[in-house]
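Read through the structure below, which is laid out as structure tokens, and then see the notes.
The values are calculated or read from the model by the stated rules, or taken from the named source; none is laboratory data. Remember, it's a predicted structure, so these values are computed and weren't measured experimentally. Here the Cβ positions follow ideal geometry from the backbone for every residue, glycine too, while neighbour counts run over all protein chains shown. The area values use the complete protein model at the heavy-atom level, side chains included, leaving out ligands, DNA and RNA. Shrake-Rupley method; radii C 1.70, N 1.55, O 1.52, S 1.80 Å.
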Amino acid sequence: MNLEKVIFAFFIVLALTINFGFFIGDIDNPVHHNVYELYAALVISLIATVLKFGDRTHIGAVLLATSLVADVQLIIAAVIWGVVEHVTHTGMTPHVMAAIVSLSGGALLANITSVVLFVIETAMMRR
């Protein structure tokens, strides 16, 4: 068993599951979406991205691209949350929460794509 591959798989699946945990719930209800869960999803996604830099194959490039997409969307969601709470002092509205959760949904789709590609790559290595 390759420990490096286990750690790599762990972080891409963890990024997917934490992002899913933040995404699930009523899209416009701030009570259903925790700021710390968004933060955790972003941090784990960034770790997964760093782990993908070493792969020089074509599928590695696609995996990196999906991870970068997830990172960008989660960063934008976190910035929006921070600006709304600490700069504008308007507080979280259902409209803003829906935008944040929608961005997280885009990141979730990118993470799903990444996991599916990783599973395909793993299955092809067995043959």
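With +1 on each Lys and Arg Cβ and -1 on each Asp and Glu Cβ, and nothing else charged, work out how big the dipole of the chain is about its Cα centre, in Debye to the nearest 20. Write out the running numbers ahead of the final one.
On the way: 5 positive and 8 negative charges, 111 e Å.
Computed charge dipole of the chain: roughly 540 debye.
Could you please report the charge total around PHE11, scoring K, R as +1 and D, E as -1 over all other residues with beta-carbon less than 14 angstrom from its beta-carbon? Intermediate values should be presented prior to the final figure.
Details: positive: LYS5, LYS52; negative: GLU4, ASP55, ASP71.
Summing Lys/Arg as +1 and Asp/Glu as -1 gives -1.
Per residue, the chain exposes 59 Å² of solvent-accessible protein surface, assessed with a 1.4 angstrom probe and all protein chains in place. Element breakdown for the chain at a 1.4 angstrom probe: carbon and sulfur atoms account for 73% of the accessible area. Loop-located GluC sites (Glu not before Pro) across the range 1-107 with a Cβ neighbour count of 16 or fewer within 10 Å are lacking, with loop assigned by DSSP. Between SER102, SER45, SER114, the Gaussian network model of the chain with springs among Cα atoms under 10 angstrom shows the greatest mean-square fluctuation at SER102. Per the Debye calculation on the range 5-122 with a single equal scatterer at every Cα and no solvent contribution, log₁₀ I(q)/I(0) for q = 0.10, 0.12, 0.16 Å⁻¹ amounts to -0.30, -0.41, -0.68. Shown in residue order for the range 7-24 are the 3J(HN,Hα) couplings computed by the Karplus curve 6.51 cos²θ - 1.76 cosθ + 1.60 at θ = phi - 60°: 5, 4, 5, 4, 6, 6, 6, 5, 4, 5, 6, 5, 4, 4, x, 6, 5, 5 Hz (x for Gly and Pro).
What order do ILE100, ILE112 take when sorted by accessible area (1.4 Å probe), most exposed first?
From most exposed to least exposed: ILE112, ILE100.
Positive end of the dipole of the range 1-93 (Cβ unit charges, origin at the Cα centre): among ILE59, ALA9, THR90, the Cα lying farthest that way belongs to ILE59. What is the Cα centroid distance between the range 94-127 and the range 11-86, reported in whole angstrom? Cα centroid of the range 94-127 versus Cα centroid of the range 11-86: 9 Å apart. Please give the net charge around VAL96, taking every other residue with its beta carbon less than 15 angstrom from that of VAL96, where Lys and Arg add +1 and Asp and Glu add -1. Net charge around VAL96: -3.
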